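The values are calculated or read from the model by the stated rules, or taken from the named source; none is laboratory data. Since this is a predicted model, take the numbers as computed values, not measurements. Here the Cβ positions follow ideal geometry from the backbone for every residue, glycine too, while neighbour counts run over all protein chains shown.
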């Protein structure tokens, strides 16, 4: 598996998810399995089957997160070593859709931590790929399913942008 970029915050969040699965969720399902076993005939025990499925799911998620952590490459933005006037991983970018008053801001992060509802997009997303390397005032084109849209980069920051 290849290495993938992640912010330090994203990495810590992933470690916390793993901790909860290992120390909270898995012990709960083991208790549920023991309780279901105590009800006797396992061949017709829906509680037991449900607990086994949940255990399998949790074990799979644990392995997946452990693998992601092992292959993560934490990228810390050092503003003294980058061109802060250019969009790169870890940048907050505000863009304005041309022809409208619509302005949106995004933080460019790794795939694992992208959350559009909270304003973060994956570096592998079409929008982020277009934005990488842009400077304030640059215009990008983004093809949506129905139309081509144009956006102007209006702000780039490596500190949170105030909305």
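Only strands (runs of 3 or more DSSP E) whose full extent lies in the stretch 65-163 are considered here, and the ones with at least 3 residues that are under 23 Å from the mean Cα position of the chain (by Cα) and in contact (Cβ under 8 Å) with a residue 24 or more places away in the chain are 72-74, 92-97, 103-109, 148-157. The listed residues are 101, 59, and the only one of them that is modelled with pLDDT of 85 or more and either farther than 17 Å from residue 155 by Cα or in contact with a helix residue (DSSP H, G or I) (Cβ under 7 Å, 6 or more places away or on another chain) (or both) turns out to be 59.
Annotation note: of 44, 53, the sole residue that is modelled with pLDDT under 90, at negative phi and out of contact with any strand residue (DSSP E or B) (no Cβ under 9 Å at 6 or more places or on another chain) is 44.
Looking across the stretch 115-163, the residues that are over 17 Å from residue 94 (Cβ atoms) and surrounded by fewer than 11 Cβ atoms within 10 Å (Cβ to Cβ) come down to 117, 141, 143, 144, 145, 146, 147, 148.
Can you go through 107, 69 and tell me which one is assigned by TED's automatic domain parsing to the domain that holds residue 132 and on the phi < 0 side of the Ramachandran plot?
It is 107.
Total residues in the stretch 134-151 satisfying the condition of being within 15 Å of residue 85 (Cβ to Cβ) and in contact with a strand residue (DSSP E or B) (Cβ under 6 Å, 6 or more places away or on another chain): the figure is 4. When the criteria are applied in full, residue 88 meets the requirement of being modelled with pLDDT under 95 and farther than 30 Å from residue 19 by Cβ.
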